[in-house]
Amino acid sequence: MSNLATQGKRGRGKNTYAYWEELRHLKIEGAEPVSIFKRLDTEKHIPVEQRNYYVFIPVPNTRGIKKSLRVVEREIAVFKAEEEIVNVKVKLAQGASVRSVSVVELVERFLAYKRTLVRGAWESKEEAGRRSITKERYVLIEGKLYNYLVLFLGKKTDVRNVPFRKWNEWEMWRKLHLSRKDMGKPKAITIQNEMGVIRECWRWGMENGLIPFSPKLPFHGENLITDDKVRRDTWEANEWSSFARRVRDWLKSTSNDVLETNVWDAFVAYQMLFFLANSGMRVGELVKVKRKDIRFYKRKNGSALKSLCALVQVHPSTKTGAREVNAMGGDFAKRVYDKSKFKTKGDFLFCHLDGTPFTTKQFRSWFNRMITFTNENERWGKHFLPYGIRHLYATIRLQNGTSRTALCENMGVTEPYLRKHYSHYLTRLATEDLMKINSDIGIGGTLIPDGEDFVIPEVTE
């Protein structure tokens, strides 16, 4: 075949392609035949006849597929072209993309889909749809995919060609690639959550034809989480007492701040800390509470009124929807309620001096200042997060006789969730039950009484 006779066919001009040949026995239904050719605009340091062959596969409703076959000989090029068209036909049958889809393109398209599901700040899940997510959740998903999936696979990697064995490398790779150097190795639950986000993204890619279908998703059959690993760091009773004493000193230190806004915000964050410890509410739930959503009452102990409590209406737009929360430690919310200059029913309870509500991020920032000041992480060898406050509430309530059903209703969780995340404390309670002695056994023992409700306090002395 003459080189000159084939120059320029289907190219950008006579200086583009050479040795162009249509393989009429190879074609996709509804498209033109497959072609092989050599390029005149690449590998210019060697003669044309010694350059690699390329294949072009026309595909209906696409610009077709063009790729190097990495062979010089025509016979081998034809054989490899036959292999390529088989692969294309398989992908078409699976409903998968026949063109290259990079990891970063997959992530961008998946995130575009997730953005359509972000509900408004005050929309409930029922209003926005079962699949809707919060803005905060979207930001979390975005960060995990860009920081880990894209880096792990490589942003230019074709998602169609990722071997399943690659996912076996994830856990080790993740432990060596930390998002924050000061936080140490990621916990198993963190890795598990990231695996869940990656799995969801990959499934979406399959469902939308970007990735060939496979019965196995990434991390198929893997479960890193055990009851021991799922536990988040929280305070024991003696640790909390020490922390409460030290954090009071932190609050005093903030009174010297020259910015009035910082003094007020520190005061509000301090009250939020202790109200969270006495209510079991999520931070995201508490920051949405308005003055109309909270009622204060005195808890009775016999005929006498005891501690100030609160009944809080959780907004339906939060993680688990609307519910009523019974909270002890009402004094902590009442202090802000009384001192805030924003007094209408529609005003936020835990707000800044300008009336705008605290955000979860802002509370976390103040919480981290408290932890740094009190040196909690170093003293106890733990890593405290705001969620640990909710964990503290649950364990204290369990230890003091609150029924699992009542606790689940108040916290907005299920009993299976409670058993999974608090199994070690449930074991402690079971041990106590098993060690109770009744006098009818004949050894003169007495029944150990249940503990009474009490407020998780700030330490004032």
Give all pairs with beta carbons closer than 8 Å in which a residue from segment 73-93 that is farther than 17 Å from residue 20 by Cβ meets a residue that is assigned to a helix (DSSP H, G or I); count only pairs at least 6 apart in sequence or on separate chains. 91/160
Only one of 171, 207, 126, 136 is more than 30 Å from residue 316 (Cα to Cα), touching a residue at least 40 places away in the same chain (Cβ under 8 Å) and acidic (Asp, Glu). Can you tell me which? 171
Just to verify a result, which residue in segment 90-100, among those that are surrounded by fewer than 15 Cβ atoms within 10 Å (Cβ to Cβ) and not polar (S, T, N, Q), is nearest to residue 65 (Cα to Cα)? 90
Can you pull out the residues in segment 106-134 that are over 19 Å from residue 287 (Cβ atoms), β-branched (Val, Ile, Thr) and touching a helix residue (DSSP H, G or I) at 6+ places or on another chain (Cβ under 7 Å)? 107
When you go through (1) modelled with pLDDT of 85 or more; (2) of a type in the set (A, V, I, L, M, F, W, C); (3) surrounded by fewer than 12 Cβ atoms within 10 Å (Cβ to Cβ) one by one for residue 176, which number turns out not to apply? (1)
Would you point out which residue out of 306, 319 is modelled with pLDDT under 95, within 27 Å of residue 128 (Cβ to Cβ) and among the basic types (Lys, Arg)? 319
What's the number of the condition residue 437 fails, among (1) at pLDDT 90 or above; (2) not in a helix (DSSP H, G or I)? (1)
Show the residue pairs meeting these rules: Cβ distance below 6 Å; 6+ apart or different chains; first residue within segment 48-62 and closer than 19 Å to residue 89 by Cβ; second residue in a helix (DSSP H, G or I) and of a type in the set (Phe, Trp, Tyr). none
Of the conditions (1) surrounded by fewer than 17 Cβ atoms within 10 Å (Cβ to Cβ); (2) touching a helix residue (DSSP H, G or I) at 6+ places or on another chain (Cβ under 6 Å), residue 103 fails just one. Which one is it? (1)
Scope segment 94-123; condition in contact (Cβ under 8 Å) with a residue 24 or more places away in the chain and of a type in the set (Gly, Ala, Ser); matching residues: 95, 96, 97, 100, 102, 120, 121
Only one of 343, 334, 319 is within 26 Å of the chain's Cα centre (by Cα) and of a type in the set (D, E, K, R), namely 319
Residues being without any contact (Cβ under 8 Å) to a residue 24 or more places away in the chain and among the small types (Gly, Ala, Ser) - total across segment 341-363: 1
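Based on what the data block shows, is residue 344 β-branched (Val, Ile, Thr), surrounded by fewer than 18 Cβ atoms within 10 Å (Cβ to Cβ) and within 15 Å of residue 286 (Cα to Cα)?
Values: β-branched (Val, Ile, Thr): yes; surrounded by fewer than 18 Cβ atoms within 10 Å (Cβ to Cβ): yes; within 15 Å of residue 286 (Cα to Cα): no.
When the stated conditions are applied, residue 344 does not pass them.
Please enumerate the residues belonging to segment 53-70 that are surrounded by fewer than 16 Cβ atoms within 10 Å (Cβ to Cβ) and either touching a strand residue (DSSP E or B) at 6+ places or on another chain (Cβ under 7 Å) or farther than 15 Å from residue 99 by Cβ (or both). Spell out the reasoning first.
Let us first name the residues in segment 53-70 that are surrounded by fewer than 16 Cβ atoms within 10 Å (Cβ to Cβ), namely 60-63, 66-68, 70.
66, 67, 68, 70 - these are the residues of segment 53-70 that are surrounded by fewer than 16 Cβ atoms within 10 Å (Cβ to Cβ) and either touching a strand residue (DSSP E or B) at 6+ places or on another chain (Cβ under 7 Å) or farther than 15 Å from residue 99 by Cβ (or both).
The values are calculated or read from the model by the stated rules, or taken from the named source; none is laboratory data. Only a predicted model underlies this, so the values are computations on that prediction, with no experimental measurement involved. Every residue, glycine among them, receives a Cβ derived from its backbone with ideal geometry; neighbour counts consider all protein chains shown.
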